[in-house]
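Below is one structure; the comments refer to it alone.
The numbers here are math on the coordinates, done by the rules we state, and not lab data. In this text the structure is predicted, and so the values were computed from the model without any measurement. Cβ placement follows ideal geometry from the backbone for every residue including glycine, while neighbour counts extend to all protein chains displayed.
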Amino acid sequence: MNEFAITIDGLEKYYGSFKALHGVDLKAKRGEILGFLGPNGAGKTTTIRCMLDLIHPQGGTISVLGLNPQAEPEAIKARVGYLPGELHLDENMTAQQIFRYFNRLRGNRSNWDYIEELSDRLKLELKTPIKNFSHGNKQKVGVVQALMHRPELVLLDEPTGGLDPLMQQEVLRMLAEAQDNGVTVFFSSHIISEVQAVADRVAVIREGKIVEVAETASLLHRSMRQVRIRFQQPTEAEELFKLPGVELIAKDDDLGVLLQVEGDMDALIKTLAKYPVNDFETERTSLEEIFLAYYEGEEDK
Amino acid sequence: MFTVIRYSLRSSRGAIIGWGIGLAALAIMMGSFFDMMVGSNEMMDVMNAYAVTMPEFAEIFNFSAMNTPIGWLDVEYFSFVPLIIGLFATGAGASLLARDEEGGTLDLILAHPVSRTTLFWGRFLTTTLVTIILLLISWASLLLSMTWSENFTIPALDLLLPFTSLFAILMFFMTLALLLSMLLPARRMANMLAAMLLVASFFITLMSGVVDQLERAADFSPLTYLETATAIEDGLNLTWFGVFIAIDLVLALISWQMFQRRDVRVGGEGTWRFLKRNLRVAGEGG
């Protein structure tokens, strides 16, 4: 079996003369949770919709679960769960009727007990018409329908949008459990904290091009850190500031310095060993700050 | 396919009930009004007076034949009912897929293992079925009105023939609206354009009998080929019926091909750039 649930090479998509995707290259390993980050209009939704043959790309290739979406869309969709970024449901139906309808479209593959279990966990009222639901409750319907047939791959476009923090946590737990059962989870988000919480890897898309794909931990590890040092006595530690990747941000007084360190800490710690240090504090940059750094770069252009 | 048809029919319940009640009421009145008219010498005198003083007006509405059940039905029912049910047909055709696309629900439906072909033809068959149901309601209601009318009598199977002819014409406007919904950026534009063509066809056909300049235009007006009294009296002209069914199928096939190739929008109406792209896709051939 192919190691990758999703393989995208050089994907290009135009909307008229506007080029939405500039050759997207991306792979999602089977059984992983891949977070797909990017601001509005970066190409997240377009990439996901190409994978389901909802829109047709003009260039590049896509393989989803070893199949080509343009050649075998139904075979892929039978094995995939999808939650659109802009979820619209038939307002006159109840959640229960919608699940029955979608279940029939899938050939009655879902177990009704499992649907009720998922609904209970999200505190979803099954017999209320959709028109009486809040945005958050509609989103719960979307989450349940994406998971109810136990798909091999779930494609989720902003899955926690509109949910309260407790429900957001519950949805993230569901995704983690799905992963434990071997499901590949591909989800786009601009809530960085949730990507940081559950994603094994992160892909960042900017202006229709993937600018970074890395393991979440590694991305955090090799990111900037802020290091606050307090010496025991006034110290002129100029050599610290000349180390590769080290930048002096501020001097509190003669005793304290605030440094920004990019990458490995080894050289800094070894050099620092020559000096009498009273306190040493390090703070890792959040994924959010890394993400923003990509876009600050974009705005500077 | 069965699931698609079943759920499409479910969402058409309102249309069937609403349109069905209206059309049934209209048909049921026919028998009573006919008895009232033929029983009234004054009314017949008025009709005869029209024929003398306003011959063109009397000719358009064929007043001379109104004292027979077939003539009455032709003048008082089939002169305007095709326009009314035609408006249903254009609305249904334009909404077949575009309503769900603009409402944003098509995206999620097509993310399920149902092919575009199944969805298209499932919806198409449902709308065809709903059209047939509405025509059958009208037909049955006319038969019902005959049961309590003394003078208004037409054999049931003969009465079915004008409705058969009407079906082919309605399907033309339905498939035309469907095709326009695949081409134009918004469903309401497709519906409006198809409805305008329907209304134009109605007036061109109606007036062509008295306005010579409209005779040529009437040859291109679909409602000219609607057979009502002639179908009951002489039988259905199967050639024209077959031609219209063939045109309906061609329009449906082109729409199906366009649906196969198009990008499904997330929701909302499209833009004119969408029309340009669709024309290019259509130009590339099926």
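Projecting the Cα atoms of A:Asn40, A:Asn68, A:Val24 onto the charge dipole of chain A, computed from C-beta unit charges around the Cα centre, puts A:Asn68 farthest toward the positive end.
Quickly estimate the mean residue ellipticity at 222 nm for the protein assembly as shown, helices only: each DSSP H run with n ≥ 4 gives -39500 (n - 2.57), and the total goes over all residues, rounded to 500.
-17000 deg cm²/dmol
Shape index of the range A:6-81: Rg/Rh, with Rg the Cα radius of gyration and Rh the Kirkwood radius from the inverse mean 1/r over Cα pairs, equals 0.94. With neighbour counts taken as other beta-carbon atoms within 10 Å, the residues A:Tyr15, A:Tyr82 rank, fewest first, as A:Tyr15, A:Tyr82.
Going by the alpha-carbon gyration tensor, a ≥ b ≥ c the square roots of its eigenvalues, is chain A rounded (a/c under 1.5) or, if a/c is not under 1.5, prolate (a/b greater than b/c) versus oblate? Walk me through the intermediate numbers first.
Values: a/c = 2.65, a/b = 1.93, b/c = 1.37.
Prolate, because a/c is 1.5 or more and a/b exceeds b/c.
Have a look at A:Ser63, A:Ser189, A:Ser17 and tell me which one the Gaussian network model of chain A (Cα, springs below 10 Å) gives the largest fluctuation. Between A:Ser63, A:Ser189, A:Ser17, it is A:Ser17 that shows the largest mean-square fluctuation. Where both bridge residues fall in the protein assembly as shown, DSSP classifies roughly 70% of the beta bridges as antiparallel. Taking all Cα-Cα distances within the range A:63-121, those exceeding 17 Å account for 53%. Relative to the longest principal axis of the Cα atoms of chain A, the long axis of helix A:287-300 makes an angle of roughly 80 degrees.
For A:Ala75 and A:Asn40, compute 0.36 nm times the residue count separating them, minus their Cα-Cα distance, and round to one decimal in nm.
Numbers: separation 35, 0.36 × 35 = 12.60 nm, distance 3.00 nm.
So the chain would gain 9.6 nm between A:Ala75 and A:Asn40.
Rounded to the nearest 5, what % of the DSSP beta bridges within chain A are antiparallel ones? The antiparallel fraction comes to roughly 70 percent. Distance from the C-alpha centroid of the range A:122-144 to that of the range B:93-110: 21 Å, rounded to the whole angstrom.
Mind putting together the pair-distance distribution for the protein assembly as shown? All Cα pairs, 10 Å bins, whole percent per bin, short to long. Per 10 Å bin, starting at 0, the Cα pair percentages come out as 3, 14, 19, 18, 14, 11, 9, 5, 3, 2, 1, 1, 0.
Annotation: for a label point projected 7 angstrom from Cα along Cα→Cβ of A:Ser134, residues of the range A:88-117 with backbone N closer than 19 Å are A:88-89, A:95.
Which FRET efficiency, nearest 0.05, do B:Ala25 and B:Met192 yield, Cβ-Cβ r, R0 25 Å? According to the calculation, E is roughly 0.40.
If you average 1/r across every pair of different Cα atoms in the range A:176-287 and take the reciprocal, what Kirkwood value do you get, in Å?
Numbers: mean 1/r = 0.0607 Å⁻¹.
So the Kirkwood estimate lands at 16.5 Å.
Using Cβ point charges alone (K and R +1, D and E -1), the dipole size of the range A:224-284 about the Cα centre works out to roughly 140 debye. Remark: the protein assembly as shown carries a charge dipole of roughly 980 debye about the Cα centre, counting +1 on each Lys and Arg Cβ and -1 on each Asp and Glu Cβ. Name the residue from A:Gln168, A:Asn108, A:Phe133 whose Cα lies farthest towards the positive end of the charge dipole of chain A, charges +1 on Cβ of Lys and Arg and -1 on Cβ of Asp and Glu. Of A:Gln168, A:Asn108, A:Phe133, it is A:Asn108. Using the Cβ-Cβ distance between A:Met265 and A:Glu125 with R0 set to 60 Å, the FRET efficiency from 1/(1 + (r/R0)^6) comes to roughly 0.70.
Couplings 3J(HN,Hα) for the range A:89-103, derived from phi with the Karplus relation 6.51 cos²θ - 1.76 cosθ + 1.60 (θ = phi - 60°), are 10, 5, 5, 8, 9, 8, 4, 4, 5, 5, 5, 5, 4, 5, 5 Hz, where x marks Gly and Pro. Working note: Debye formula, equal point scatterers on the alpha-carbon atoms of the range B:100-149, no solvent; log10 I(q)/I(0) at q = 0.15, 0.30 Å⁻¹ is -0.58, -1.03. Give me the angle, in degrees from 0 to 90, between the Cα long axis of helix B:272-283 and the longest principal axis of the Cα atoms of chain B, rounded to the nearest 10. The answer is roughly 90 degrees.
Set the Förster distance to 30 Å, then compute FRET efficiency between A:Glu177 and A:Glu212 from the Cβ-Cβ distance, nearest 0.05. Before the final figure, lay out the partial values.
Numbers: r = 28 Å, r/R0 = 0.92.
Plugging the Cβ-Cβ distance into 1/(1 + (r/R0)^6) gives 0.60.
Structure remark: mean-square fluctuation, Gaussian network model of chain A, C-alpha springs under 10 Å; the largest value among A:Asp180, A:Asp157, A:Asp254 belongs to A:Asp254.
Between rounded, prolate and oblate, where does chain B land on the alpha carbon gyration tensor, with a ≥ b ≥ c its root eigenvalues, rounded for a/c under 1.5, else prolate if a/b exceeds b/c? Kindly include the intermediate steps, with their values, before the conclusion.
Values: a/c = 2.58, a/b = 1.83, b/c = 1.41.
Prolate, since a/c reaches 1.5 and a/b exceeds b/c.
Quick one: helix A:165-180 against the long Cα principal axis of chain A, what's the angle to the nearest 10°, folded into 0 to 90? Taking Cα atoms only, the helix is inclined about 80 degrees. Between the residues A:Thr216, B:Ser40, B:Phe152, the greatest Cα displacement towards the positive end of the dipole of the protein assembly as shown, with unit charges on the Cβ of Lys, Arg, Asp and Glu, is found for A:Thr216.
Taking label positions 7 Å along the Cα-Cβ direction at both B:Thr153 and B:Leu238, the computed distance is 3.0 nm, reported to one decimal.
Residues considered: A:Lys127, A:Lys138, A:Lys77. Largest GNM mean-square fluctuation over chain A, using C-alpha springs under 10 Å, is found at A:Lys127.
Per Stokes-Einstein, at 37 °C and 0.692 mPa s, what whole-number D in µm² s⁻¹ belongs to the range A:224-284, with the Kirkwood radius over Cα pairs as the hydrodynamic radius?
Using the Kirkwood radius from Cα pairs, D works out to 289 µm²/s.
Each part gets one Cα centre, and for the range A:70-114 versus the range B:1-32 those centres are 28 Å apart.
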